[in-house]
1. List every residue whose amide H lies under 5 Å from the amide H of VAL92, counting only residues 5 or more places away in sequence or on a different chain, with H placed 1.01 Å from N in the peptide plane.
2. Helix-derived [θ] at 222 nm for the chain: sum -39500 (n - 2.57) over DSSP H runs of at least 4, divide by residue count, nearest 500?
3. In whole Å, what is the distance between the alpha-carbon centres of the range 163-222 and the range 44-61?
4. Once you've got the GNM for the chain with C-alpha springs shorter than 10 Å, pick whichever of GLY63, GLY95, GLY73 has the biggest mean-square fluctuation.
5. Could you sort out which of LYS139/LYS212; LYS29/LYS191; LYS113/LYS212; LYS85/LYS236; LYS29/LYS113 sit more than 31 Å apart by Cα distance in this structure?
6. At most 14 other Cβ atoms within 10 Å and a DSSP loop assignment: could you name the trypsin sites (Lys or Arg not before Pro) in the range 153-247 that fit?
7. Which one, LEU122, LEU55, LEU152, has the greatest fluctuation when you compute a Gaussian network model over the chain with C-alpha springs under 10 angstrom?
8. Placing +1 on the Cβ of each Lys and Arg and -1 on the Cβ of each Asp and Glu in the range 1-147, which of CYS127, HIS103, LEU6 has its Cα farthest towards the positive end of the resulting dipole?
Amino acid sequence: MTRRVLIAGNWKMNMLRAEGEALASALAKDFAVGAGADMLVCPPATLIAPVAAVLNGGAISVGGQDCHMNESGAHTGDVAAAMIKDLGGSHVIVGHSERRADHGESDATVKAKAEAALAAGLVPIVCVGETEAERDAGKAEAVVEAQIRGSLPAGATETGVVIAYEPVWAIGTGRTPTIDDIAAMHAHMRKVAGSMLGSAGALLLLYGGSVKPGNAAEILALEDVDGALVGGASLKAEDFLAIAAAA
Ligand code: PEP
């Protein structure tokens, strides 16, 4: 089964409007339709509209970093999935470990958010990943399996959802699992997701956690790695383009 590689950038809580527009424009200038990968950027909610305007429906898609589980209502400061869609979004990240840690999001919350995303016509990128203590205790696969079982939205299809494996201890640290550990985890994830979705041959599984131009080719060459979710290195056009070119 051929799966098209997806290189997704998580800009987190960075950049004001002028910087975000400049980064989007630098990416759009050098990333072409038909490249070896699809490219997605997920700016802060405040920048989705200006970034979408710069990208102008071209080769690069735009998405959100989080959405609320409800359609609308009294949820001060939150963003509904339909609002992201309304601004031109195609995807939304849910269950990032920073949200699980900073906002106490459980698997059930992440699942509800992913279901809200599907209902709004967005593709949820469901993040899972173990802590360092869990890996050291030999529990990494069990933890990730439980997160997938608890977070995947009901009604998902293998082409309507993306799963990102992001070991918590690899995010922003410059450290990554060994290539064999990434390969083993992704193979396990495809098996688990396949048992839930019926099949997972077309499901995109991204790796995230300190992906850089220097390690992207080796990680992206793995059979069950279908792309990357990139934090720090997505803030520099040159680095993010180099990661996409490595696919
Ligand atoms: C992330 O937070 O999604 C991430 C992968 O960050 P970084 O690439 O900086 O490790």
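Derivation of every value follows stated rules applied to the coordinates shown; laboratory data play no part. The model shown is predicted, which means the values in this text are computed figures rather than measured ones. Neighbour counts are summed over all protein chains in view; Cβ atoms, including those assigned to glycine, are modelled from backbone coordinates with ideal geometry.
1. Amide H neighbours of VAL92, under 5 Å, 5+ apart: GLY64, VAL123, ILE125.
2. The per-residue figure over the chain is -12000 deg cm²/dmol.
3. 26
4. Among GLY63, GLY95, GLY73, the largest mean-square fluctuation in the Gaussian network model of the chain belongs to GLY73.
5. LYS29/LYS191; LYS29/LYS113
6. Those satisfying the criteria are ARG175, LYS236.
7. LEU55
8. Of CYS127, HIS103, LEU6, it is LEU6.
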